[in-house]
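Colleague: Have a look at this one.
No lab work stands behind these numbers, since they all come straight from the coordinates. What you see is a predicted model, and the numbers here were worked out from it, not measured in a lab. All Cβ positions, glycine included, derive from the backbone under ideal geometry; neighbour counts span all protein chains shown.
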Amino acid sequence: PTRISPDGVALLCELGDTREANPFLRSPRVDVARAAAERLAPQAGALEDLLDAAQAQPALFDIALSALKAHLRTADGYQRAKALPAPSPERRTTALAEWAAGLTAPELLRAAQMESDTTARIDLLSAGVTPTRLADLLGSDPTVFGRREVVSELIRLRLAVGEPRAVLDVIEAIPDPEAASLFEYQRITALVMLNRLDEAAARHTELTPRLCDAWLDALAHCQEFEQGPQIAARIEALFAPTMTNAQRVRFDVMRTELPKAQATPLEDNPAPNDS
């Protein structure tokens, strides 16, 4: 196997069976190994052998990813792709993002749920929930399983880690206003977290308990930030007459924690607030 050339591998496959290239996957010559991998990549039956060889040879990374795309474009396939060594960290990050972007919404959601790290989940979902793809995910039939859920999960995680501006970026990139309205609750929570209180209040058509929950969720995220007292004061002014007993208890408990707030705001230059 050490004496054959890449052209020799190609000729061997043309004259015989593509499987003849299999022994050359582990050639010490990278060009020969790549030639064998390129011949075997279209064959579903050769996938495991190709992945095994790619574990030992990072130069086969891109070819192995292409084979996975063709034969195992699922959450499980993404996990297999993640396990492959890449020529460089930069190439790995770019390639995996491109790979994830091609997953169907249900598989993208399942792949994210398989990640134990929140940052990894966000990165994975962000790769699949691009501004271009939002129209496909929400523009036709957002009730199809996975489409709305994958966007909702990305927004939920962004809020959980204190990234309200990124949440607004996602929602504002949704081209259809009706589809964007599905995330009005999260939009208001993000606006309040950013201390854009007048803007959040202006979006109210009526002071419902659910709207109060959106503001209370924002306050929960901001208890340790300097805008916490301002948010609490606006909640009291807006919702005091209509709060449920449970909301009042939740609000009072959070308000007792506000004197401890000494941290910096969630954004460097919060929008002016008239309250």
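Colleague: Among all residue pairs at least 6 apart or on different chains, which show Cβ distances below 9 Å where the first residue, located in region 159-170, is farther than 19 Å from E224 by Cβ and the second is assigned to a loop (DSSP other than H, G, I, E, B)?
Modeller: From residues that are farther than 19 Å from E224 by Cβ, the pairs are L168/L194; V170/V129.
Colleague: I've got another one for you. State which residue pairs qualify: first residue without any contact (Cβ under 8 Å) to a residue 40 or more places away in the chain and under 17 Å from E199 (Cα atoms) and inside region 225-245, second residue polar (S, T, N, Q) and assigned to a helix (DSSP H, G or I) in any location, beta carbons under 9 Å apart, and separation of 6 or more residues or different chains.
Modeller: Between residues of region 225-245 that are without any contact (Cβ under 8 Å) to a residue 40 or more places away in the chain and under 17 Å from E199 (Cα atoms) and residues that are polar (S, T, N, Q) and assigned to a helix (DSSP H, G or I), the close pairs are F239/Q247.
Colleague: Do we have A86 as under 13 Å from the mean Cα position of the chain (by Cα) and among the small types (G, A, S) here?
Modeller: Working: under 13 Å from the mean Cα position of the chain (by Cα): no; among the small types (G, A, S): yes.
Here the answer is no, as A86 does not meet what is asked.
Colleague: Would you mind telling me which numbered condition in (1) in a helix (DSSP H, G or I); (2) free of Cβ contacts under 8 Å to residues at least 12 places away in the same chain; (3) of a type in the set (G, A, S) S116 fails?
Modeller: Answer for S116: the failing condition is (1).
Colleague: Only residues that are buried (at least 21 other Cβ atoms within 10 Å of the Cβ) and charged (D, E, K, R): list them for region 174-222, please.
Modeller: Matches in region 174-222: R187, R196.
Colleague: Sort out which residues of region 35-74 are of a type in the set (D, E, K, R) and under 32 Å from the mean Cα position of the chain (by Cα), and write them in order of number.
Modeller: The answer is E38, E48, D49, D52, D62, K69, R73.
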